[in-house]
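**Q** Take this structure first; my questions come after.
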Amino acid sequence: MAGAIIENMSTKKLVIVGVILLLFQAFSFMVGGLIAPSPTTAVHYLATKCVDTVKTHHKDSKWFMPWGPDQCSKIRDFDEATAKRIEANNIVFAVHIPLPNREMSPWFQFMLVILQFDIAFKMQNQIEDGSLVTMDVGLAYRDSTLSEWTEMAHSTEHRKLSCNFTATMTYENEGRYYECDLLPFMEVGSVAHKYYLLNIRLPVNERKKVNIGIGEIKDIRLVSIHQNGGFTKVWFAMKTFLTPSVLIIMIWYWRRITQMTRPPVLLEKIIFALGISMTFINIPVEWFSVGFNWTWMLLFGDIRQGIFYAMLLSFWIIFCGEHLMDQTERNHFSVYWKQVGPIVFGSFCLFIFDMCERGVQLKNPFYSIWASDVGTELAMAFIIVAGICACLYFLFLCFMVFQVFRNISGKRSSLPAMTKARRLHYEGLIFRFKFLMLVTLACAAMTVIFFIISQVNEGHWHWGGYTVQVNSAFFTGIYGMWNLYVFALMFLYAPSHKRYGDEQSSADQAGNSGEDIQLTTTITHVDGPTEIYKMTGKEAQE
């Protein structure tokens, strides 16, 4: 009977395949750690205070440049503005991205801007509890230093201040600065232009209580974060290489499945679905973002990752369940609805949450779900619940793996009654299956580690004369691990052309038939279930 390749491959060949996969895994880590630069770069900006007089306010050109030949009329601080009787409504904070003599590039992929206020303490102008800063913000772009600015977005935004004054609130400490939290300001999903200009106004209206009780704002600082162009090129190269690799093995795998006289079993179907989701996330459509202004690429990337994560988590549950030796018919997707249902629901909640954030940012890049109290509470609740669910899922997966190992150990009692050849064969099956289960568990653990590392600040290690970019290594290493894992599954679980037992004598075959009865039910097809399916008593009764 034909089984899976993992059941008929010799130990020597299996070791060779494992070593080759490990070498590719090490190479994927080295690509990120030694070749690629750090994934992102953060650039700090201090906003320039421009004066919008009544005369210039009504001109067609309403954009204020902090430097250059057409720079605005500037003031050093608000004391100078008071001395010149310049009202707060006529002050515009201007920031040019990037710094002078530099250009932005489509290879940067995205631009995230974080804002921080420098607020001085004054006894007569303290920050009130729950105070909101109202900002009239505008974003413009151009691709030449000689061309005019084109408006990209304009909005009135509100940000809640969260500041702490560590010293004693006395007249002696006036002039000291509050310690204020960073505030989300802007996110653009495509960097299609060379130059960007931000103009920020802080309108004051005492009657409507606009920007009242926010302290004495001295400066506005911005931090612009974008993906490194060098990392983008390495990432695109990996996608371009891995896409045909996984696609070819997926086509080869399904071709072998369809050549069988029996219909595919659930495990074979879910492995194929996992290969499709991996191919979907691999397709390097990001190449087009270099030439086109596709601001929806971040959202599209999140959707692709969400589909793959949902399929990966569902596969692990079904993979373990299909190898539980409890004499339960499990070769139907409906059996796993209780386990897979919450995964699908959680993924749908992730999609809704992402649409509320990045979906809105397609129209208004200044929008942030963290800007309001309700949005912040919902976001924090979602993160906490997601973390708890991830931990519970991992514990449940470990419990299922433990059950599989325990049931396999129980089946070992049937091995002594077998002939030596068949006993060695089944012992090899058990060993290889346990090894694959441990690899699955290791991949799950690495996924959790990858999620934690990606939330931590970037760092690098010095190793001899080399600098290892830790974050880049984890990005490329984990991405390579997902691809190698899916590749190995489709290769090892593809039907084998070998037919175990053909070389044995008819007497031995007759003796083995009795042994098979101890571990399996009736075979109804010529190309019956795999050996592992025979041992677990889960044949496809379709």
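The values are calculated or read from the model by the stated rules, or taken from the named source; none is laboratory data. Given the structure is predicted, the values throughout are model-derived calculations rather than measurements. Note: ideal-geometry Cβ built from the backbone for every residue, glycine included; neighbour counts use all protein chains shown. These area figures cover heavy atoms from the full protein model, side chains too; ligands, DNA and RNA do not enter into them. Shrake-Rupley method; radii C 1.70, N 1.55, O 1.52, S 1.80 Å.
**Q** Of everything in the range 223-241, what is buried (at least 20 other Cβ atoms within 10 Å of the Cβ) and touching a Leu at 6+ places or on another chain (Cβ under 9 Å)? Give them in sequence order.
**A** Within the range 223-241, SER224, HIS226 qualify.
**Q** In the range 460-490, how many residues are at pLDDT below 80 and open to solvent by 30 Å² or more (accessible area, probe 1.4 Å)? Step through it out loud before you land on a result.
**A** Applying the first criterion (at pLDDT below 80) to the range 460-490 yields 460-471.
Subset that is open to solvent by 30 Å² or more (accessible area, probe 1.4 Å): 460-467, 469.
Qualifying residue count for the region: 9.
**Q** Right, SER38: among the hydroxyl-bearing types (Ser, Thr, Tyr), closer than 30 Å to ILE478 by Cβ and not in a loop (DSSP other than H, G, I, E, B) or not?
**A** Numbers: among the hydroxyl-bearing types (Ser, Thr, Tyr): yes; closer than 30 Å to ILE478 by Cβ: yes; not in a loop (DSSP other than H, G, I, E, B): no.
No: the conditions fail for SER38.
**Q** Does VAL19 satisfy being out of contact with any helix residue (DSSP H, G or I) (no Cβ under 8 Å at 6 or more places or on another chain), on the phi < 0 side of the Ramachandran plot, at pLDDT below 90 and not assigned by the TED database to the domain that holds ARG201?
**A** no
**Q** Going through ILE257, ILE271, ILE281, ILE251 one at a time, which residue ends up being touching a Pro at 6+ places or on another chain (Cβ under 9 Å), of a type in the set (A, V, I, L, M) and in a helix (DSSP H, G or I)?
**A** ILE257
**Q** Among what's in the range 283-321 and is of a type in the set (Gly, Ala, Ser) and under 13 Å from the mean Cα position of the chain (by Cα), pick the residue that is surrounded by the most Cβ atoms within 10 Å (Cβ to Cβ).
**A** Among those residues, the one meeting the criterion is ALA310.
**Q** Count, please, the residues in the range 186-222 that happen to be assigned to a strand (DSSP E or B), within 30 Å of ILE281 (Cα to Cα) and either open to solvent by 10 Å² or more (accessible area, probe 1.4 Å) or not assigned by the TED database to the domain that holds MET123 (or both).
**A** We begin by selecting, within the range 186-222, every residue assigned to a strand (DSSP E or B); these are 186-188, 195-201, 205, 210, 214, 216-222.
Next, only the ones that are within 30 Å of ILE281 (Cα to Cα) stay: 186-188.
Pick out the ones that are also either open to solvent by 10 Å² or more (accessible area, probe 1.4 Å) or not assigned by the TED database to the domain that holds MET123 (or both) and you get 187.
Going through the range 186-222 one residue at a time, the tally reaches 1.
**Q** Which one of LYS122, LYS160 is open to solvent by 40 Å² or more (accessible area, probe 1.4 Å) and under 13 Å from GLY215 (Cβ atoms)?
**A** On the way: LYS160 fails: under 13 Å from GLY215 (Cβ atoms).
The unique qualifying residue is LYS122.
**Q** For the range 71-88, what are the residues that are open to solvent by less than 80 Å² (accessible area, probe 1.4 Å) and assigned to a loop (DSSP other than H, G, I, E, B)?
**A** CYS72, SER73, ASP77, ILE86
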